[in-house]
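What follows is one structure encoded as structure tokens, with my remarks underneath.
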Amino acid sequence: ARGLGVRLRPHVKTHKCIELGRRQRALGAAGITVATLAEAEAFIGAGFDDVTWAFPLDPGHLPRVRSLAERATLRVVVDDLKTARALAGTGLHVFLKVDCGYHRAGVDPASPYALQVAGDLGAERGLVFDGILSHSGHAYRSTSKDEAARTAEDERGVMTWFADLLRRAGVPVREISVGSTPAMAAARDLTGVTEARPGNYVFYDRTMTLIGACDLA
């Protein structure tokens with residue numbers, strides 16, 4: 001991450017362990033990423049004060065989210081207009097999730113709808129629009145480090161292109177957050193990106209050796 005000029009915000013769902021999170025933070029991690037509200041509650045309860053919940057928010061969780069946000073900076077993720085509007089006046093930090101090829105969640109960056117949601121968030125009606133976020137989960141389907149590197153470059157290309165599009169439309173994009181372990185392990189250039197969120201790297205596993213992200217040692 002230092003070599004590529006980005007902040008590291010590790011995903012802690014791999015270990016779900018306060019002590020390992022503290023070790024990551026001591027080695028320079030800038031905050032953490034979680035998969036569930038339960039993880040957010042556990043880590044914030046242990047003193048972690050900058051947390052991204054990288055799963056599209058359901059407005060029904062807002063009371064719990066706002067309670068946590070009184071104790072730490074909790075960054076939430078949205079990918080639909082209804083939720084974006086429900087966040088108005090909450091004071092929350094919000095990312096727009098972008099589909100960079102995984103097709104599991106996120107707005108299609110080439111769609112008018114993506115511009116509409118981003119424009120609504122960018123107006124910052126009582127919230128803080130942090131920027132755009134993606135997850136290159138499809139990098140786990142790679143069969144070599146070179147293929148994972150191409151996925152990482154595709155993700156970077158989509159995200160920086162979309163950020164430029166938004167900026168030209170008058171929507172401020174402060175942060176571009178990307179990540180998956182195979183993509184980050186193989187990435188050669190992250191120009192324009194501000195942070196990466198790999199998680200599996202803390203242990204690595206057999207899948208990573210098959211991809212070539214690490215060796216058995």
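The values are calculated or read from the model by the stated rules, or taken from the named source; none is laboratory data. As the structure is a prediction and not an experimental result, all values here were calculated from the model. In this analysis, Cβ positions are derived from the backbone assuming ideal geometry, glycine residues included, and neighbour counts consider all displayed protein chains. Areas reflect the complete protein model, heavy atoms only, side chains present, ligands, DNA and RNA absent. Shrake-Rupley method; radii C 1.70, N 1.55, O 1.52, S 1.80 Å.
Screening Lys13 with (1) open to solvent by 60 Å² or more (accessible area, probe 1.4 Å); (2) assigned to a loop (DSSP other than H, G, I, E, B); (3) touching a Leu at 6+ places or on another chain (Cβ under 7 Å) gives one miss only, at (3). Determine, yes or no, whether Arg156 is among the basic types (Lys, Arg) and either open to solvent by 50 Å² or more (accessible area, probe 1.4 Å) or touching a residue at least 40 places away in the same chain (Cβ under 8 Å) (or both). Criteria not met by Arg156. If a residue has to be out of contact with any Lys or Arg (no Cβ under 9 Å at 6 or more places or on another chain) and among the charged types (D, E, K, R) to count, how many in region 29-64 make the cut? Qualifying residue count, region 29-64: 2. Considering region 18-95, the qualifying strands (runs of 3 or more DSSP E), each wholly inside and each with 1 or more residues that are among the acidic types (Asp, Glu) and either open to solvent by less than 20 Å² (accessible area, probe 1.4 Å) or in contact with a Ser or Thr (Cβ under 7 Å, 6 or more places away or on another chain) (or both), run over 50-56.
Tell me which residues, restricted to region 159-198, are open to solvent by less than 10 Å² (accessible area, probe 1.4 Å), within 20 Å of Leu20 (Cβ to Cβ) and not in a helix (DSSP H, G or I). Across region 159-198, the qualifying residues are Gly179, Ser180, Glu195, Ala196, Pro198. Looking only at residues that are open to solvent by 30 Å² or more (accessible area, probe 1.4 Å) and touching a residue at least 12 places away in the same chain (Cβ under 8 Å) in region 121-137, which one is nearest to the chain's Cα centre (by Cα)? Step by step, filter region 121-137, then rank; the result is His135.
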